[in-house]
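Here the structure comes first, spelled out in structure tokens, and everything after it is commentary.
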Amino acid sequence: MTAAAVEPALEVLRRVFGYDAFRGDQARVVEHVIAGGDALVLMPTGAGKSLCYQVPSLVRPGVGVVVSPLIALMQDQVDALTALGVRAGFLNSTQDPDQRRAVERDFLAGELDLLYLAPERLRVPSTLSLLDRGQIALFAIDEAHCVAQWGHDFRPDYLMLSELHQRWPDVPRIALTATATDATHAEIAERLDLGGALHVVASFDRPNIQYRIAPKDEPRAQLLQLLRDEHPGEAGIVYCLSRRSVEQTATWLSTQGVNALPYHAGLDASVRATNQARFLREDGLVMVATIAFGMGIDKPDVRFVAHLDLPKSVEGYYQETGRAGRDGLPSTAWLAYGLADVVQQRKMINESDGDLAHRRRLAQHLDAMLALCETVSCRRVQLLAYFGQASEPCGNCDTCLVPPETWDGTVAAQKVLSTVYRLDRERGQRFGAGQVVDVLLGKRTAKVEQHAHHELSVFGVGSELSEGEWRGVVRQLLAQGLLAVEGAYQVFVLTEASRPVLAGEQPVLLRKDPVKQARTRSRGGRGAAAAVDLPAGAAPVFERLRTWRAATAKEQGVPAYVVFHDATLREIATVLPGSLPELGTISGIGEGKLAKYGDGVLATLAQA
Ligand code: ADP
Ligand code: ZN
């Protein structure tokens, strides 16, 4: 950074935010924007995108205008800035005219540092004329992937953002997103006219997240084990595909003593708002949700993200799992996946509306997701490769920790395929996985006898594997495209690719499903995770600080992390500062928080 830009930016970083240094690409972006340049920033969740526009907003004269689709979170964002001593406000549809007028007055009087704006506000002429009358430091376009029509979060109002540049050609713009594929990147640059901007694409690795994909056995029991053994009393998100399974899972978890809440688009808006607010404010809640939940949730201490159903794409999966561990502390991304998931997703694609090209795109997304599930090499290497980034085996995913064995599944595959072939020839009757496995195992069920399948030459030829193992073989053949699902009744048919396998011309390598899931950390009671690695003696102090934080947050009606992050409390518990100036040297404590909370922290430390 040049001296001219670095000094005031660093001064703001230290004084206001209480941090010593910029991270990664932040310095480059901050310098560029302070100097009046445009930027397009692609960084994963938790990398620190907010500072990229907040610091320049405080350094440049005028107000930083932040366009964000996350109306429900604006109040929290403003609260978090207020706790830092930054003057912030927002304008959106949840306010009454009086509230809006007050914010507008502050804006015009130059009494705001940051103004959050819902994109639809820009359609209102009075908003544009308001902006004309004030001084704008910069425009920040948050969640910029919402401008990409082919992305998964397209918002029509975002298309109007291209006009900002025409109306205010001298105001720098910075667009930010955690979505990473080349296609989305290119579309954002084009639609927002950021071709000439500084493009910063950070590494998308999230090293503190442990990625694990387990064969689905008894999903509820597996989930409960994860929650109880590894994340007791900790906050997390459980994703389910359907609204019904969200409701059922949340209810069931509650009966098991887990503090769980449901969230899906079918719930009343007020219920959704309440559940979201509780998840953000209270410690250790589990949110069971469809993918309608999560964008922009910047709760730093989400310790796990669990998927009970197979995500439709790697991009979606990475976004969802990325909500874990924004604070950089160890977190888990866990997915349970089984044969029924593959069958169901293939079927949904077959039945989906849209042209052939659309269905093909869906199938490509699913294939990439399945390849990730079935890989025998590092999950992270494969994830990052999907985003065009090369990496080395990570040592922090299930395949690195417990490398899966492979086996020559050629004969097993041939047995499955020829059974499918024989069942397929039955006139008018078609069969799914259950019948295939029953025939292979030689089970004389009613359905087998009814169709005289015990007379087939393949009946009972598969006694060498168990039922679960055969289902694993069938699942992998489906994932590899050696077997297909057809029509509305989940029936199996052969594909072009089946032929060389049946003819013995092509070997099939299969993954041996692990008997036990990989687990690296086993923990004690509540709060143990956050206290992990603390020096002896610091853990009880940390717990006392957490209790103080919970009470303070409740009193002020803000989420606990708005007061202090876990990382800050850990450092306080370790360093044990004895005075306000000493406390001010802790990372995450700037002038504002020192003034607001310093005495409370010192008093808590003094109670021995
Ligand atoms: P993103 O928006 O990219 O997901 P955030 O802006 O929420 O990430 O930042 C993630 C966390 O990292 C926040 O707790 C933030 O305070 C912290 N952080 C960001 N930049 C720095 C820095 N330079 N030094 C220390 N902590 C930082
Ligand atoms: Zn790995």
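Worth a mention:
- Inter-part distance where segment 536-567 and segment 394-412 are each reduced to a Cα centre, Å: 42
- If both residues of a DSSP beta bridge must be in the chain, then about 15% of such bridges are antiparallel.
- The angle between the Cα long axis of helix 410-424 and the main principal axis of the chain comes to about 70°, on a 0 to 90 degree scale.
- When the convex hull of its Cα atoms is projected in every direction, mean area for the chain (nm²): 30.4
- Degrees, to the nearest 10: 97-108 long Cα axis against longest axis of the chain: 60
- Degrees separating the helix 356-374 axis from the principal Cα axis of the chain, which is the longest one: 90
- Taking the charge dipole of segment 406-511 about its Cα centre, with +1 at Lys and Arg Cβ atoms and -1 at Asp and Glu Cβ atoms, the residue from GLN506, LEU441, ALA412 reaching farthest to the positive side is LEU441.
- Report summary: the helix-based calculation at 222 nm, which adds -39500 (n - 2.57) for every DSSP H run with n ≥ 4 and divides by the residues of the chain, gives -13000 deg cm²/dmol.
- Our estimate of slack between ASP20 and GLU455, defined as 0.36 nm per intervening residue step minus the Cα-Cα distance, is 149.0 nm.
- Take every pair of alpha-carbon atoms less than 8 Å apart whose residues are at least six positions apart; their mean separation over the length of segment 2-45 yields a relative contact order of 32 percent.
- Separation of the alpha carbons by more than 21 angstrom is noted, of LYS347/LYS415; LYS443/LYS512; LYS216/LYS512; LYS312/LYS512; LYS216/LYS312, for LYS347/LYS415; LYS443/LYS512; LYS312/LYS512.
- If you plug the beta carbon distance of SER162 and THR585 into 1/(1 + (r/R0)^6) with R0 = 41 Å, you get a FRET efficiency near 0.35.
- Alpha carbon centroid spacing (whole Å) that separates segment 260-298 from segment 330-365: 24
- Within the straight-line cut-off of under 19 Å between alpha carbons, the lysines reachable from LYS299 are LYS49, LYS554, LYS593, sequence neighbours fewer than 8 places apart in one chain being disregarded.
- Figure legend: label point modelled 7 angstrom from the Cα of LEU509 along Cα→Cβ; residues of segment 368-408 with amide N under 11 Å from it are 376-377, 406-408.
- Three principal axis extents describe the C-alpha atoms of segment 1-115; from largest down they are 44, 30, 26 Å.
- Loop sites here are GluC sites (Glu not before Pro) outside DSSP states H, G, I, E and B with no more than 15 other Cβ atoms within 10 Å. The longest part of the chain free of them is 112-404.
- Residue range of the chain that is longest and free of chymotrypsin sites (Phe, Trp or Tyr not before Pro) which are both DSSP loop and sparsely packed (at most 15 other C-beta within 10 Å): 155-488
- Taking Cα centre as origin and charging only the Cβ of basic (Lys, Arg, +1) and acidic (Asp, Glu, -1) residues, the dipole magnitude of segment 3-201 rounds to 240 debye.
- 3J(HN,Hα) along segment 230-235, derived from phi through the Karplus expression 6.51 cos²θ - 1.76 cosθ + 1.60 where θ = phi - 60°, amounts to 10, 9, x, x, 10, 7 Hz, with x in place of Gly and Pro.
- Long-range amide H partners of ILE213 with built H, under 5 Å: LEU335, ASP398
- The chain - charge dipole about Cα centre, Lys and Arg +1 at Cβ, Asp and Glu -1, debye rounded to 20: 1020
- Once C-alpha pairs closer than 8 Å and six or more residues apart are averaged by separation and normalised to the residue number of the chain, the relative contact order reads 14 percent.
Rule-based calculations on the coordinates, nothing more; no lab input. Not measured: the values here are computed from a predicted model. Cβ: placed from backbone, ideal geometry, glycine included. Neighbour counts: every protein chain shown.
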